[in-house]
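The values are calculated or read from the model by the stated rules, or taken from the named source; none is laboratory data. Not measured: the values here are computed from a predicted model. Note that we place each Cβ from the backbone using ideal geometry, even for glycine, and neighbour counts take in every protein chain shown. Ligands, DNA and RNA are excluded from the accessible area calculation, which covers all protein heavy atoms including side chains. Shrake-Rupley method; radii C 1.70, N 1.55, O 1.52, S 1.80 Å.
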There are 2 protein chains.
Amino acid sequence: MEQGMMLVISGPSGVGKGTLAKRLMEEKGFAFSVSCTTRAPRPMEVEGKDYYFITEEEFARKEKAGEFLETALVHKHHYGTPLAPAREAIVAGRDLLLDIDPQGGMLVMQKVPEAVTVFLLPPSWEELEERLRRRGTESEEQIQRRLHNAKREVDYLPHYRYVLVNDELDSAYETLAAIVTAEKHNTVRYRPEFLKR
Amino acid sequence: MEQGMMLVISGPSGVGKGTLAKRLMEEKGFAFSVSCTTRAPRPMEVEGKDYYFITEEEFARKEKAGEFLETALVHKHHYGTPLAPAREAIVAGRDLLLDIDPQGGMLVMQKVPEAVTVFLLPPSWEELEERLRRRGTESEEQIQRRLHNAKREVDYLPHYRYVLVNDELDSAYETLAAIVTAEKHNTVRYRPEFLKR
């Protein structure tokens with residue numbers, strides 16, 4: 001049984017990670033790693049689908065018990081990827097998508113060097129601001145904080161293997177699909193049948 | 001000006017490197033690095049297009065003068081990639097394809113760590129033998145020597161980044177094209193315009 005691929009997608013809020021993730025799940029059969037977070041649900045977010053919304057105390061307990069593959073602190077909220085389901089998916093040969101922030105991405109790179117890492121960018125900062133405003137779920141102060149954070153996060157970009165500008169959804173998805181195809185043929189995870197002895 | 005991509009394709013004789021290389025040149029605008037060799041031309045091979053056919057003395061002189069990016073000794077013949085045209089293509093932003101053997105591939109990986117390396121395999125050893133025989137340009141002894149060599153060369157496979165089985169030409173080409181697309185978005189060579197300051 002071949003192991004699944006762990007695909008990490010990072011990038012600023014509003015850049016379109018969710019939409020690309022959804023297509024990867026629908027068209028490429030990726031499982032989605034549902035993170036735990038201590039932040040409050042946004043409108044439309046579903047417990048157990050978008051996130052597991054847990055308390056600070058519960059988060060601290062899980063972290064101490066080693067139940068997270070990675071954790072990050074963003075905008076004063078904790079985020080963590082549950083380790084057990086991630087491991088189970090990969091071992092069972094299922095490809096797994098992690099939509100996590102660059103702090104967490106760096107931790108995954110250390111622990112899972114064969115993870116495929118993609119940094120998603122908006123076409124411009126102005127366009128990102130526009131998208132965040134259109135989403136209409138956050139205050140002006142929150143939008144400015146996200147923008148500021150996004151510009152700082154770009155410092156992590158060189159640590160990622162791939163960078164993708166989401167200027168047009170279909171073409172961004174096609175590039176992402178090409179990355180998945182290429183990485184399926186990465187020698188770390190692909191061994192042609194007839195060479196197995 | 002962005003630098004071009006150096007793409008190394010290795011794999012046994014008869015596996016179809018030439019055909020895939022031709023499509024990459026026609027459809028993706030790759031330049032082809034013409035190697036020097038001390039072996040005799042095969043029927044249909046063209047001087048300056050397939051190889052520069054040179055003498056042992058000329059090869060030794062060039063090697064000593066540092067004119068090769070890599071060299072290899074295969075079936076008692078010398079092969080070498082001329083350094084100057086390779087460097088010029090890459091610096092000018094031109095993608096460059098190197099069809100070289102794994103000895104040379106290993107040297108390129110050391111000197112050009114950002115080179116993209118692809119190992120091409122036949123669907124089976126039986127199929128490779130069949131293809132070599134169909135080519136009809138070599139003696140039975142040469143065919144057996146090539147097969148023997150091919151099986152040894154597979155030891156280099158884990159050093160390559162990608163592995164591709166050429167069972168069906170169109171699907172092998174599509175995978176190769178996906179690898180090229182993915183690698184165009186590798187953070188070592190791609191920097192979105194708006195992040196350049």
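Computed quantities for the displayed model
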| read-out | value |
| --- | --- |
| Among B:GLY14, B:GLY80, B:GLY136: highest mean-square fluctuation, GNM of chain B, C-alpha pairs under 10 Å | B:GLY136 |
| B:ARG61/B:ARG145 FRET efficiency (R0 41 Å; Cβ-Cβ; nearest 0.05) | 0.90 |
| Neighbouring partner chain Cβ atoms per residue of A:116-127, average, 10 Å criterion | 2 |
| Inverse mean reciprocal Cα-Cα distance (Kirkwood Rh) of region B:48-194, Å | 17.5 Å |
| In order through region B:83-100: 3J(HN,Hα) via Karplus (6.51 cos²θ - 1.76 cosθ + 1.60), integer Hz, x for Gly, Pro | 6, 4, x, 4, 4, 4, 4, 4, 5, 7, x, 8, 6, 10, 9, 10, 9, 9 |
| Loop trypsin sites (Lys or Arg not before Pro), region B:1-72, which have at most 10 other Cβ atoms in a 10 Å radius of their Cβ (DSSP) | B:LYS49 |
| Accessible carbon and sulfur surface of chain A relative to its total accessible area, %, 1.4 Å | 51 percent |
| Chain B: antiparallel DSSP beta bridges as a percent of all, rounded to 5 | 30 percent |
| Sites A:PHE194 and A:ALA84, calculated FRET efficiency, Cβ-Cβ separation with R0 41 Å, nearest 0.05 | 0.70 |
| Inter-chain shielding of A:187-196 (mean C-beta neighbours from other protein chains, 10 Å cut-off) | 5 |
| Area of B:HIS78 that stays accessible when all protein chains are in place (1.4 Å probe, Å², to 10) | 50 Å² |
| Under-5 Å amide H pairs with A:TYR52, H placed in peptide plane, nonlocal only | A:SER35, A:CYS36, A:THR37 |
| Mean residue ellipticity (222 nm) of chain B, computed from DSSP H runs ≥ 4 via -39,500 (n - 2.57), nearest 500 | -12500 deg cm²/dmol |
| Buried accessible area, chains B and A (both chains, 1.4 Å probe, Å² to nearest 100) | 2400 Å² |
| Under-5 Å amide H pairs with A:VAL74, H placed in peptide plane, nonlocal only | A:TYR79 |
| Relative contact order %, region A:50-102, counting alpha carbon pairs below 8 Å whose residues are six or more apart | 22 percent |
| Nearest-first distances (nm) between copies at A:LEU195, label 7 Å from Cα via Cβ | 3.1 |
| In sequence order, calculated HN-Hα J values of region B:13-30 (Karplus, 6.51, -1.76, 1.60; Hz; x Gly/Pro) | 3, x, 7, x, 4, x, 5, 5, 4, 4, 5, 4, 5, 6, 9, 10, x, 5 |
| For A:VAL165, residues with placed amide H under 5 Å, excluding near neighbours | A:LEU121 |
| Calculated FRET efficiency for the pair B:GLU130/B:LYS49, C-beta based, R₀ 22 Å, to 0.05 | 0.20 |
| Relative contact order of chain B, defined on C-alpha pairs under 8 angstrom at six or more residues apart (%) | 31 percent |
| Exceeding the 26 Å Cα-Cα cut-off - candidates B:LYS64/B:LYS151; A:LYS76/A:LYS151; A:LYS184/B:LYS22; A:LYS151/A:LYS184 | B:LYS64/B:LYS151; A:LYS151/A:LYS184 |
| Between region B:100-167 and region A:31-69, the Cα center-to-center distance that results, in Å | 48 Å |
| Within 10 Å of each Cβ in B:172-185, the average number of Cβ atoms from other chains | 5 |
| Antiparallel DSSP beta bridges within the protein assembly as shown, as percent of all bridges there, nearest 5 | 35 percent |
| √(5λ) per eigenvalue of the Cα gyration tensor, the protein assembly as shown, largest first, Å | 46, 23, 17 |
| Fraction in percent of alpha-carbon pairs per bin - 5 Å, region A:11-110 | 2, 12, 21, 27, 22, 11, 4, 0 |
| Hz values of 3J(HN,Hα) by residue in region B:164-172 - Karplus curve (6.51, -1.76, 1.60), Gly and Pro given as x | 9, 9, 8, 8, 9, 4, 5, 6, 5 |
